[in-house]
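Throughout, read-outs are computed from the coordinates displayed, never taken from laboratory work. Just so it is clear, the model here is predicted, and its values are computed rather than measured. When we count neighbours, we look across all protein chains shown, and the Cβ atoms used for this are built from the backbone with ideal geometry, even at glycine.
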Amino acid sequence: MELLKFKDVRLEKEGKYILQRVNFSINRGEIYAIVGKNGAGKSTIAYTLMGIPSYRDIDGKIIFEGKEINNLDITQRANLGITLLWQEPVRYEGIKVKEYLKLSLKKEDEEKFKEALELVGLNYRSYIDRYVDNSLSGGERKRIELAAIYLLNPKLVILDEPDSGIDIEAINYIFNMLNIFKQKGTTVLLITHSLEVLKRADRGTLICCGVSYIEGDINRLTEYFGTKCPYCEVDYSKILAKEEILNLKKGD
Amino acid sequence: MAKIYANDIFEKILSTLEDEKDAFLNRDIAHLIINKNKVISSNLVYGIRVEVEEIDNGANVLLEIEDNVKMEMPIFVCFAMIHQKGLQEVRTNVKLGNNSHVSLISICNFVDGNEILHDSYTDIELGENSSYRYFERHYHPNVSSEITIKAKTLAKVGYNAYYKNEFEITKGLIGSVDLESEAIVEDYGVVELGMYMYGRENDKIKVKEKGLLKGNYSRGFLYSKIAVKDQAEADIYSDLIATGKYAKGHVDCTEIVKDQGRARAIPIIEVRDPTSHITHEAALGSVDSKELQTLMAKGLTEDEATDIIIQGILRRK
Ligand SMILES: Nc1ncnc2c1ncn2[C@@H]1O[C@H](COP(=O)(O)OP(=O)(O)O)[C@@H](O)[C@H]1O
Ligand SMILES: [Mg+2]
């Protein structure tokens, strides 16, 4: 059953199309990946779907549960059950973790807060009275955001590079959360440029230069991951090779 | 043991308080509640002397603390206007002895108010080596009403004494507020003056904080966190002047402006002796859009999200 559909979505910014033509559709309960290199347009897809004000003026259609949602604002989309984990979640001065989680659940429930924090590997007693501000590391902040989203219990969650800024040990909590979303029937739009993360998805689409150009299951995407994008002639295998060389150099 | 006289007004006041409710019910914590011009409830503890003279439209209050008194718990005071309107005039004299340490939490409860003018004048004298921490929190109605607050405080901070005065109106609509808070600081004395205010709709805020670092080695810190949205306006004057030698000070203003709100920060710093040093920092900005969007993506409206973010920024830590 289809939950979300992007139909010929285009977005122009400063005289150029940063989304040229995006088409994909997601079924209820699946983990659907948007895969592509930096600058491909992945976060832009997340923002257009969430309805962020400067990304509202699109051509094409975004259809959620059979209805076009182009004209809805963020709050209205959130109330339909869509939410977003930003690539880099913002910090809030003077708001405690407890209060922050309460915004998701709409009530105070120690047991639930505890459950959510422990799912992302954060100790309840050590974190519940801390502030969601600059005193948290990037990884801690992101895990708190995931806990908040867990409590929000959305129908569709957009995870924009959930592994970025997270250290190796904590990454399993992120993957674990993906499993939990799956069990609960929460649909996930998983944005990534990592093969390791892509493996956790059911299906997905490759995106480059604002074009979604191959849709399919994970094996198919993996197969094409290292190949040339037909739209901008970018040679993925070269980019990957370059990154590997850089990594080797760092390793010396 | 005296019993608390639980009449309607006392109940009503308690029912509208948030963090302070328990304190007014605790027999070990000193308190005084005045509704318009009548003492509704009081509880005194050893070492402090309180005299209240009820006048036509308010009260004269004398608070005296002897030498060498160290109070572990704060004293709670509440000025309310339950079922009242018009003027409430409060004159307060605080005298703190040498080596004494006190903190006072003052609640102004005007939750069901309309056509209220709260006019207060406070004179404070701090003895040598003493410390006095004062925090005033206002509870105002959430609907637009005619409330005017005029408050003036003058403190004389003695040798090596510490004086802190903080003022907060973030709950409910302010109405119109005109505050002046001044301190004159002797050798080795310290002053901290802080303001936390959130103006909405047609609220008008005018604040003057002034620290005169007269004494050698005296120190001063003036800070204000003010947010305005809708058509609210704020003018914040912060003056920190050092005439003594080796004085140190800092002025810090944070202002958040949203919608048609208007805020001005006018800091004046001045040193009269080259051994003294005063710095100043001001930040004027709006509510961060990504902070708003993140909360809206959890189903909050823009207005709800704005309030939560601003209340966080204005939170006293
Ligand atoms: N507001 C904007 N104005 C102009 N260009 C933008 C804007 N947002 C993104 N872009 C451009 O669009 C492209 C895609 O960006 P983005 O969606 O953030 O990529 P990704 O998330 O895949 O790394 C980039 O070239 C970026 O510079
Ligand atoms: Mg991105």
Item to check | Rounded, prolate or oblate (a/c below 1.5 giving rounded, otherwise prolate when a/b exceeds b/c) for region A:70-183 by Cα gyration tensor | outcome: rounded
Checklist entry - What is the spin-label model distance, in nm, from A:Lys182 to A:Thr222 if the labels are put 7 Å beyond Cα along the C-beta direction? => result 1.4 nm
Next on the checklist: Averaging over every viewing direction, what projected area does the convex hull of the Cα atoms of chain B cover, in nm²?
Outcome noted: 16.2 nm²
Item to check | Calculated FRET value between A:Glu68 and A:Arg28, using beta carbons and R₀ = 22 Å, to 0.05 | outcome: 0.75
Item to check | Solitary cysteines of the protein assembly as shown, where the nearest other Cys Cβ is not under 4.7 Å | outcome: B:Cys78, B:Cys108, B:Cys253
Checklist entry - Based on the inverse mean of 1/r over its pairs of different Cα atoms, what is the Kirkwood hydrodynamic radius of region B:1-148, in Å? => result 15.7 Å
Next on the checklist: Under 10 Å, Cα contacts only: if you run a Gaussian network model on chain B, which one of B:Glu89, B:Glu64, B:Glu11 comes out with the highest mean-square fluctuation?
Outcome noted: B:Glu11
Checklist outcome for this item: Most exposed to least, judged by fewest other Cβ atoms within 10 Å, A:Arg125, B:Arg91, A:Arg77 sort to A:Arg125, B:Arg91, A:Arg77
Next on the checklist: Please report the net charge: other residues with Cβ closer than 15 Å to the Cβ of B:Glu192, K and R +1, D and E -1.
Outcome noted: +1
Item to check | Inter-label distance, nm, simple model (7 Å from Cα along the C-beta direction), A:Glu88/B:Asp56 | outcome: 6.4 nm
Item to check | Cross-link pairs beyond the 31 Å C-alpha cut-off, checked among A:Lys96/B:Lys248; A:Lys37/A:Lys106; A:Lys107/A:Lys182 | outcome: A:Lys96/B:Lys248; A:Lys37/A:Lys106
Checklist entry - Got a sec? How would B:His280, B:His138 order by Cβ neighbour count within 10 Å, fewest to most? => result B:His280, B:His138
Checklist outcome for this item: Rounded to the nearest 5, the percent of antiparallel DSSP beta bridges in the protein assembly as shown equals 20 percent
Checklist entry - Which FRET efficiency, nearest 0.05, do A:Asn172 and B:Asn26 yield, Cβ-Cβ r, R0 60 Å? => result 0.80
Next on the checklist: Using Cα springs under 10 Å in a Gaussian network model of chain B, which residue among B:Tyr46, B:Tyr188, B:Tyr159 shows the largest mean-square fluctuation?
Outcome noted: B:Tyr46
Checklist entry - Based on the Cα atoms of chain A, what semi-axes does the equivalent ellipsoid have, where each is the square root of 5 times one gyration tensor eigenvalue, given in whole Å with the largest first? => result 30, 23, 17
Checklist entry - Which Rg and Dmax, in Å, describe the Cα atoms of region B:75-130? => result 14.4, 42
Checklist entry - Tally Lys/Arg at +1 and Asp/Glu at -1 over every other residue whose Cβ is under 10 Å from the Cβ of B:Leu314; what's the total? => result +1
Next on the checklist: Neighbour counts of other C-beta atoms within 10 Å: give me B:Phe221, B:Phe76 arranged from fewest to most.
Outcome noted: B:Phe221, B:Phe76
Checklist outcome for this item: Across the alpha-carbon set of the protein assembly as shown, Rg over Rh with Rh taken as the Kirkwood radius works out to 1.08
Item to check | Mean projected area in nm² (Cα convex hull; one quarter of hull surface) for region B:208-317 | outcome: 7.5 nm²
Checklist outcome for this item: Percent relative contact order for region B:190-317, counting Cα pairs under 8 Å at least six residues apart, stands at 23 percent
Checklist outcome for this item: In cubic angstrom per residue, the convex hull of region A:152-236 built on its Cα atoms measures 111 Å³
Next on the checklist: Between B:Leu154 and B:Asp273, what's the calculated FRET efficiency when r is the beta-carbon distance and R0 is 25 Å? Round to 0.05.
Outcome noted: 0.60
Next on the checklist: So for region B:148-258, averaging the separation of alpha carbon pairs under 8 Å that are six or more residues apart and normalising by length, what relative contact order in percent results?
Outcome noted: 25 percent
Next on the checklist: Between A:Lys13 and B:Asp67, what is the label-point separation in nm under the 7 Å Cα-to-beta-carbon projection?
Outcome noted: 7.1 nm
Checklist entry - Any number yet on Rg/Rh for region B:130-191, C-alpha, Kirkwood? => result 1.12
Item to check | Mean separation of Cα contacts under 8 Å (6+ apart) over length of region B:70-124, as relative contact order % | outcome: 53 percent
Item to check | region B:136-269 pair-distance distribution - Cα-Cα, 5 Å bins, rounded % | outcome: 3, 11, 22, 20, 17, 11, 8, 5, 3, 0
Checklist entry - Mind checking which of A:Ser25, A:Ser126, A:Ser164 has the largest fluctuation in a GNM of chain A, springs on alpha carbons under 10 Å? => result A:Ser126
